[in-house]
1. Please work out if A245 is closer than 30 Å to G68 by Cα and open to solvent by less than 60 Å² (accessible area, probe 1.4 Å).
2. Considering only residues that are open to solvent by less than 50 Å² (accessible area, probe 1.4 Å) and not aliphatic (A, V, I, L, M), which ones fall in the stretch 248-262?
3. When you check T85 against the structure, is it part of a helix (DSSP H, G or I), surrounded by fewer than 20 Cβ atoms within 10 Å (Cβ to Cβ) and polar (S, T, N, Q), yes or no?
4. Within the stretch 205-227, is even one residue in contact (Cβ under 8 Å) with a residue 24 or more places away in the chain, outside any loop (DSSP other than H, G, I, E, B), open to solvent by less than 40 Å² (accessible area, probe 1.4 Å) and of a type in the set (V, I, T)?
5. Do you know which of the residues in the stretch 275-297 that are modelled with pLDDT under 80, over 20 Å from the mean Cα position of the chain (by Cα) and not charged (D, E, K, R) is surrounded by the fewest Cβ atoms within 10 Å (Cβ to Cβ)?
6. Taking into account only those residues within the stretch 26-40 that are touching a Leu at 6+ places or on another chain (Cβ under 8 Å) and in a loop (DSSP other than H, G, I, E, B), which is surrounded by the most Cβ atoms within 10 Å (Cβ to Cβ)?
7. I272 - would you say it is modelled with pLDDT of 85 or more and in contact with a Lys or Arg (Cβ under 9 Å, 6 or more places away or on another chain)?
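The values are calculated or read from the model by the stated rules, or taken from the named source; none is laboratory data. Remember, predicted model here, so these are calculated numbers, not experimental data. Cβ coordinates were reconstructed from backbone atoms using ideal geometry, including for glycine residues, and neighbour counts include every protein chain displayed. Each accessible area value is taken on the protein alone, full model and side chains, heavy atoms only, with ligands, DNA and RNA left out. Shrake-Rupley method; radii C 1.70, N 1.55, O 1.52, S 1.80 Å.
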Amino acid sequence: MRSENSPQWLVILAFLAIYIVWGTTYMAIAFGLKGFPPFVLTAFRGVIAGCILLIWCLARGERLPNTGTISNASISGILMLVGGTGLVTWAEQYVNSGYAAIIMATEPFFFLLLDKKEWGSYFSNKWVLGGLVIGFTGIVLFFHYTQAAAPETKDAGMLLTGNLVLLLGAILWVVGSLYAKYKLDHSHSNTLTTGLQLLAAGLFSGLTALFTGEWADFNINTVPLPAWGGLLYLITMGSLVAYMAFTWLITIRPPALVSTHTYVNPVVAILIGWAFANEQISLLQIMALLVILAGVLFTNVPNYKLSRV
């Protein structure tokens, strides 16, 4: 750990980035979708942000890693930023930004379920088991109340599909994170590794958009200004600020502490969606959100205790 060498003001700014900025990116995606198809939007975001970071690293004298490291970074980036972020972008065609943030708050549960090397400690702890039961109860309740509140429109039938795709996105984000944790060569800088992940994800998103026909229907000349604003925000604040802050914080602070952004992001996303896009959420859905967050809190109690020790 290098926490003693990190300026406190910089650590605070990094936490503000993953708390506040990441919560606002769900709305930025909604604005981006006003002019970009989902995987085209993800492609632009990843390629531009990844190139910026890699050019910065090369200008500072860093060398590209070997093909094995590039391959592992690419796989983890595609899983996290296409399977995760890309699916969130696709789902927001049918699900509002607040709902998307709520479903993605389930990520800590999937870390527990998919990290086999830690199962011995996870599932022998009553806090973890209780948190899993509470959290998944909250997910079921949120799905139920969302369907009950769905308006009778031609897209209402896609609401459940959108939520399920978001759940798949949360799972793939966790799979990519665990892959990076166990497979990546961490001797290289976070900036370089993140640049490789973003670039690989952007290129893969571009190929996905090709196979889904998004490029054929896309005309860059018709993209409205709000959509360009959403893309610019996602590149600068979402990828270059918040994602970089996350990859840095995870190396200098306990993961249990860094993961608290999952408690704050849905609240920020709901407030931003209500203020700027007139997105509505029912009291019952808010109650389901509180149940999910309670489950996340319970599963992290052992980590908080270890962090204090």
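1. yes
2. If the condition is that a residue be open to solvent by less than 50 Å² (accessible area, probe 1.4 Å) and not aliphatic (A, V, I, L, M), then T251, R253, P254, S259, T260, H261, T262 are the ones that fit.
3. Details: part of a helix (DSSP H, G or I): yes; surrounded by fewer than 20 Cβ atoms within 10 Å (Cβ to Cβ): no; polar (S, T, N, Q): yes.
Criteria not met by T85.
4. As a first pass, look at the stretch 205-227 and keep what is in contact (Cβ under 8 Å) with a residue 24 or more places away in the chain: 205-206, 208-209, 212, 214-215, 217-218, 222-224, 226-227.
This time we only want the ones that are outside any loop (DSSP other than H, G, I, E, B), so: 205-206, 208-209, 214-215, 217, 222, 226-227.
Cutting the leftovers down to open to solvent by less than 40 Å² (accessible area, probe 1.4 Å) gives us 205-206, 208-209, 214, 227.
Narrowing the set further to residues that are of a type in the set (V, I, T) leaves 208.
Yes, because at least one residue in the stretch 205-227 is in contact (Cβ under 8 Å) with a residue 24 or more places away in the chain, outside any loop (DSSP other than H, G, I, E, B), open to solvent by less than 40 Å² (accessible area, probe 1.4 Å) and of a type in the set (V, I, T).
5. Result: N278.
6. Here is the first cut: in the stretch 26-40, the ones touching a Leu at 6+ places or on another chain (Cβ under 8 Å) are 28-29, 32-33, 36.
Among the residues that remain, those that are also in a loop (DSSP other than H, G, I, E, B) are: 33, 36.
Values: L33: 18, F36: 25.
Applying the filter and picking the extreme gives F36.
7. It is false that I272 is modelled with pLDDT of 85 or more and in contact with a Lys or Arg (Cβ under 9 Å, 6 or more places away or on another chain).
A quick yes/no check of all residues on (1) closer than 16 Å to L240 by Cα; (2) at pLDDT 95 or above; (3) assigned to a helix (DSSP H, G or I); (4) open to solvent by 60 Å² or more (accessible area, probe 1.4 Å):
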{"site": "I18", "(1), (2), (3), (4)": "yes, no, yes, no"}
{"site": "V21", "(1), (2), (3), (4)": "yes, no, yes, no"}
{"site": "T24", "(1), (2), (3), (4)": "yes, no, yes, no"}
{"site": "L53", "(1), (2), (3), (4)": "yes, yes, yes, no"}
{"site": "P65", "(1), (2), (3), (4)": "no, no, no, no"}
{"site": "G68", "(1), (2), (3), (4)": "no, no, yes, no"}
{"site": "T89", "(1), (2), (3), (4)": "no, yes, yes, no"}
